[in-house]
Amino acid sequence: MAQEIGELPPPGSAAESEASGAREYPGEGRSNGTCGGDLAPEPPEKAAERCPQHALELGWFCCTERRPVCAQCLSRGGCQGHRVRPIQEAAADVRNKIVDQCEKLQLQSAAITKYVEEVLPRKNVASCAREVLIQRLIFVRNVCENEEQQLLEKAHAEEERANQSILTQRAHWTEALQKLATLRTYLVGIITNMDDFLLINPQNHFVFFARTEEAEGILEPQESEKLNFNQKCVHSPLLSRLWASAILCCSEDIHINERTIGPLLALSEDKKTLTFIPKKAKGYPDDPERFDGWPNALARESFQKGVHAWRINVEKSNAYKLGISYSSLQRKGLGDEDRLGYNPVSWVFSCFDKKFSFSHNSHHQSVELLKCPTQIGVLVDFEGGELLFYDPNSCVILHLHREIFIAPVYPVLAVADQSRAHRPGPLQTSQLAPREEQPPGLACR
């Protein structure tokens, strides 16, 4: 509200001070001199600002024009009738706003300080994690280097032993060949140069057959494992696990050949999930590549050189077989020629009722596992002559089989209803099978 000029208290009066309502701040009040002995002298007061128009002290603040004015401006000047306030009160309001802003800035600074204090320890944690990672990598590198040194030393020693054995055998049989050649030359000379009467003379018979006894003392050569390089001396579980993990990092995409799946199997649209359908035969068209007895299936892909790996998700199944086979695997009937692991052209890792085994040509080797794998990696190394089954989740080699494969191999799968007492799930070759209830099956990757 505007104040009347007649009611305005004079600037600096007690009434004006009471009306201002300004906040008092430490250090703003003047010293009364009672304890001024220890206080610094106050600076001299600044001369009051004066109105340039009336030369009077500027003691008021015009709220309309937002500027300081004198009493003459209010009574007879341009600010007559405007809303005015004592200049001390207006300054106090501005000062209060500045104080409020300072408090906000202080709170903001405190929040930033707290954040920085929390971020720095996190940075230290990240730095510690990085140091731990570096230390672990260095440790792994050192272990690998030590393993490499030991394996190379063993390989060199075994190579020297095998070469020495071969040299010894070569020297022995070279000497034997020389003896046989000399004896043969002697006997040929007798046949050529000796007449009939000397040949039938009993006294010469002793000489003849005494020389031939030397040949009888030379034994027939036989195959010996001592001449072969012993692969077991360079077998390293650590190297095999690292190698399998590295190969499975770039595993191949496997698709099931729909022309091969048996009548009790169903194939997903993406050709990666194989499902067993008990008591519900699927009406597939006749095909020479189709299994019509056992619940088997072959992949479309085949391999004949290099190193290849793929993954099979078996989490939902308790009765399955997985591995490789030649294309010559029989497809018709229920005999061993069609059954995976019961013929010379198939190699499979099997699970039935949580019992595991490796099968080839009707030879079954039990595999003891502490837990059932949810995913199995299959690796084939043609140059190394190895077939390896690996659990990538626990980094455990389930089984290792050594054999030189002489023909292209196909990934092969089989899934069934285990003893009709438990409900296995699907086998999947790509991603994990869905969590919802499903009939038995496998999935490939």
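Looking at SER325 and the list (1) at pLDDT below 95; (2) under 24 Å from CYS250 (Cα atoms); (3) crowded, with 19+ Cβ neighbours inside 10 Å; (4) out of contact with any Lys or Arg (no Cβ under 9 Å at 6 or more places or on another chain), which single condition is not satisfied?
(1)
Just to be sure I understand, how many residues within the range 336-371 are touching a residue at least 24 places away in the same chain (Cβ under 8 Å) and not hydroxyl-bearing (Ser, Thr, Tyr)?
Going through the range 336-371 one residue at a time, the tally reaches 17.
Looking for whichever is surrounded by fewer than 10 Cβ atoms within 10 Å (Cβ to Cβ) and in a helix (DSSP H, G or I) here; the options are GLU117, GLU131. Which one fits?
Exactly one residue qualifies, and that residue is GLU117.
Being part of a strand (DSSP E or B) and surrounded by 14 or more Cβ atoms within 10 Å (Cβ to Cβ), is that true of even one residue in the range 278-294?
no
Among the strands (runs of 3 or more DSSP E) confined wholly to the range 333-445, which include 2 or more residues that are β-branched (Val, Ile, Thr) and either modelled with pLDDT under 95 or under 30 Å from ASN230 (Cα atoms) (or both)? Spell out how you get there, then give the answer.
Values: elements: 346-352, 355-360, 363-367, 375-381, 386-391, 396-402, 409-415, 441-443.
Those strands (runs of 3 or more DSSP E) span 375-381, 396-402, 409-415.
Name the pairs: first residue in the range 176-190 and without any contact (Cβ under 8 Å) to a residue 40 or more places away in the chain and under 15 Å from GLU213 (Cβ atoms), second residue among the hydrophobic types (A, V, I, L, M, F, W, C) and part of a helix (DSSP H, G or I), Cβ to Cβ under 8 Å, at least 6 apart or on different chains?
LYS179/ALA215; LEU180/ALA215; LEU183/ALA215; LEU187/PHE208
If only one of THR212, THR185, THR192, THR174 is under 60 Å from the mean Cα position of the chain (by Cα), among the hydroxyl-bearing types (Ser, Thr, Tyr) and farther than 30 Å from SER236 by Cα, which one is it?
When all the criteria are applied, what remains is THR174.
Let's see how each residue does on (1) surrounded by 11 or more Cβ atoms within 10 Å (Cβ to Cβ); (2) modelled with pLDDT of 85 or more; (3) among the aromatic types (Phe, Trp, Tyr); (4) in a helix (DSSP H, G or I):
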{"residue": "GLY6", "(1), (2), (3), (4)": "no, no, no, yes"}
{"residue": "PRO9", "(1), (2), (3), (4)": "yes, no, no, no"}
{"residue": "GLU16", "(1), (2), (3), (4)": "yes, no, no, yes"}
{"residue": "ARG95", "(1), (2), (3), (4)": "yes, yes, no, yes"}
{"residue": "LYS104", "(1), (2), (3), (4)": "no, yes, no, yes"}
{"residue": "THR113", "(1), (2), (3), (4)": "no, yes, no, yes"}
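Considering only residues that are of a type in the set (A, V, I, L, M), over 27 Å from PHE276 (Cα atoms) and in contact with a Gly (Cβ under 7 Å, 6 or more places away or on another chain), which ones fall in the range 386-418?
The first filter runs over the range 386-418 and keeps only residues of a type in the set (A, V, I, L, M), leaving 387-388, 396-398, 400, 404, 406-407, 409, 412-416.
Imposing the further condition that a residue be over 27 Å from PHE276 (Cα atoms) reduces the set to 396-397, 400, 404, 406-407.
ILE404 - this is the single residue of the range 386-418 that is of a type in the set (A, V, I, L, M), over 27 Å from PHE276 (Cα atoms) and in contact with a Gly (Cβ under 7 Å, 6 or more places away or on another chain).
Exactly one condition in (1) over 30 Å from GLU145 (Cα atoms); (2) part of a loop (DSSP other than H, G, I, E, B) is false for GLU252; which is it?
Unmet for GLU252, out of (1) over 30 Å from GLU145 (Cα atoms); (2) part of a loop (DSSP other than H, G, I, E, B): (1).
Looking at this structure, is GLN88 outside any helix (DSSP H, G or I), over 60 Å from the mean Cα position of the chain (by Cα) and either at pLDDT below 80 or among the polar types (S, T, N, Q) (or both)? Walk me through how you get there before you give the answer.
Values: outside any helix (DSSP H, G or I): no; over 60 Å from the mean Cα position of the chain (by Cα): yes; either at pLDDT below 80 or among the polar types (S, T, N, Q) (or both): yes.
In short, no.
I'm told GLU213 meets every condition in (1) in contact with a helix residue (DSSP H, G or I) (Cβ under 9 Å, 6 or more places away or on another chain); (2) surrounded by fewer than 13 Cβ atoms within 10 Å (Cβ to Cβ); (3) not in a loop (DSSP other than H, G, I, E, B) except one. Can you identify the failing condition by its number?
The single condition GLU213 does not satisfy is (1).
The values are calculated or read from the model by the stated rules, or taken from the named source; none is laboratory data. No experiment lies behind these values; they were computed from the predicted model shown. Reconstructed Cβ throughout: ideal geometry from the backbone, glycine too, with neighbour counts over all protein chains shown.
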